[in-house]
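The values are calculated or read from the model by the stated rules, or taken from the named source; none is laboratory data. Just so it is clear, the structure is predicted and the values come from calculations on it, not from any experiment. Note: ideal-geometry Cβ built from the backbone for every residue, glycine included; neighbour counts use all protein chains shown.
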């Protein structure tokens with residue numbers, strides 16, 4: 001049982017891959033086992049996860065209005081050969 | 001297929017992804033005008049290559065690959081000085097450490113949420129636009145569409161390890177930039 005535990009250093013080295021869901025199932029289990037036992041690391045993981053999720057939300061906030069996208073589409077269509085827009 | 005049918009088919013595939021392409025191009029180029037030019041030029045190039053696209057496969061990925069390659073090639077050929085990235089000893093958990101030093105954890109707040117609530121989308125996207133080109137390309141694909149390392153590697157024609165490295169280092173740089181912006185605006189203090 002002891003040999004299936006990882007250290008704080010090992011867990012933190014995998015933090016980015018864990019948050020990106022790029023670890024194997026076995027690696028995920030080892031990390032999560034460590035986080036259940038180590039509040040210090042759990043706080044760090046929680047912080048980084050919250051930061052990433054909110055970063056994604058704000059980056060994705062679409063400022064392109066439909067009218068702008070439609071106008072762009074019309075300009076593109078006008079440049080396509082034999083487009084009905086012509 | 002007639003030329004008109006080809007145009008129609010292309011338009012039908014392009015229309016649903018155009019907003020996303022424009023959003024990504026804006027974050028890549030940092031300017032709405034440049035982004036619209038990039039998307040237009042990409043669409044023209046994509047149409048010229050449309051015969052090589054297999055209907056039923058992932059048009060979005062195919063189109064974005066052309067867009068990102070176009071952007072990166074343009075940046076490389078602009079004779080800009082190579083963008084160096086400081087290989088400093090910035091801590092792995094830079095923002096976590098900074099908010100701890102500022103005592104944010106002690107106040108019973110969620111420090112990540114607290115910081116992000118005070119930074120608007122425009123600021124965050126400006127920080128994203130300030131990343132070096134190669135890092136920015138990976139970050140935009142990751143943040144906007146949650147692409148996997150493998151998918152990003154395929155879109156940018158780089159090894160998965162390179163994607164991983166650029167994404168992780170890019171996030172570190174973003175944390176540093178966002179904290180500096182927070183300090184400049186009086187949101188955070190050392």
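Residue B:147 passes every criterion in (1) within 12 Å of another protein chain (Cβ to nearest Cβ); (2) outside any helix (DSSP H, G or I); (3) more than 26 Å from residue B:66 (Cα to Cα) apart from (3). Among the residues of the stretch A:19-34, the one identified as over 24 Å from residue B:149 (Cα atoms) and surrounded by 17 or more Cβ atoms within 10 Å (Cβ to Cβ) is A:34.
Scan the stretch B:55-93 for residues that are modelled with pLDDT under 90, touching a helix residue (DSSP H, G or I) at 6+ places or on another chain (Cβ under 7 Å) and part of a helix (DSSP H, G or I) and the total you get is 1.
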